[in-house]
1. With no solvent and one point per C-alpha, what does the Debye sum give as log10 I(q)/I(0) for the chain at q = 0.10, 0.16 Å⁻¹?
2. If you bin every alpha carbon distance in region 18-108 into 10 Å steps from zero, what whole percent lands in each bin?
3. If the chain between residue 205 and residue 60 were fully stretched, how many nm would it gain, using 0.36 nm times the residue separation less the Cα-Cα distance?
4. In whole Å, largest first, what are the principal axis extents of the Cα atoms in region 91-169?
5. Only helical DSSP H runs with n ≥ 4 go in: add -39500 (n - 2.57) per run for the chain, normalise by residue count and round the 222 nm mean residue ellipticity to 500 deg cm²/dmol.
6. Gaussian network model of the chain, Cα springs within a sub-10 Å range: biggest mean-square fluctuation belongs to which of 59, 186, 67?
7. Between region 22-43 and region 125-141, what's the alpha-carbon centroid distance in Å?
8. Using only Cα atoms, find the angle between the long axis of helix 159-169 and the longest principal axis of the chain, and express it within 0 to 90 degrees, rounded to the nearest 10.
């Protein structure tokens, strides 16, 4: 792939405020930052909306060259190369209103979280005592907690994304966590061999402080 080739970027359209669709086009704070990075690098890009469960395989099958917003974990570094972070977020416990909210010094006994997300590995490392049940996506996680099966106490989700979903779809059903339980920078990711050196070509255009700078209030409902 030459330096002028169009770079295709797979993104999750159900990951607001980071990435979503608006009027049929890719939108969101991460999408805006990626557009700015590509503009400065003078590289053309195209965004391809892809279901969360299909993003990893789509990259492996070369349906696109990059993933838009991925948290870097030990397991993921075995198959992906990552840019410098483009934004920082975190994970949080989303507890039903029928239970007391989790305090700062406490953790839930059992949680549900998407199986392709980064929180499975991070929770196992940080809180090995927590029982983890996995699901396909955020909506399924929040619905499973409401159903009460598996003795699940909370959904473990991205703090910013979960807060927006609670506000828009589950407002009366969940406590809104005031802060995340960890820090989770999000980056663009390519296949580990990165044949076009797209990671190196983009890193010089990513501000160093983006890995420490979160969202402005305008991005959080």
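Quick note: the coordinates plus some simple rules give every number you see, no bench work behind them. Everything numeric in this text was worked out from a predicted model, so none of it was measured.
1. Taken in order of the listed q values, log10 I(q)/I(0) reads -0.44, -1.09.
2. In whole percents, the pair-distance histogram is 12, 37, 30, 16, 5, 0.
3. Working: separation 145, 0.36 × 145 = 52.20 nm, distance 2.52 nm.
49.7 nm is the gain from fully extending residue 205 to residue 60.
4. Result for region 91-169: principal-axis Cα extents of 31, 28, 24 Å.
5. Details: 6 runs with 54 residues, N = 221.
Per the formula, -7000 deg cm²/dmol.
6. 59
7. Between the Cα centre of region 22-43 and that of region 125-141, the gap is 31 Å.
8. That works out to roughly 70 degrees.
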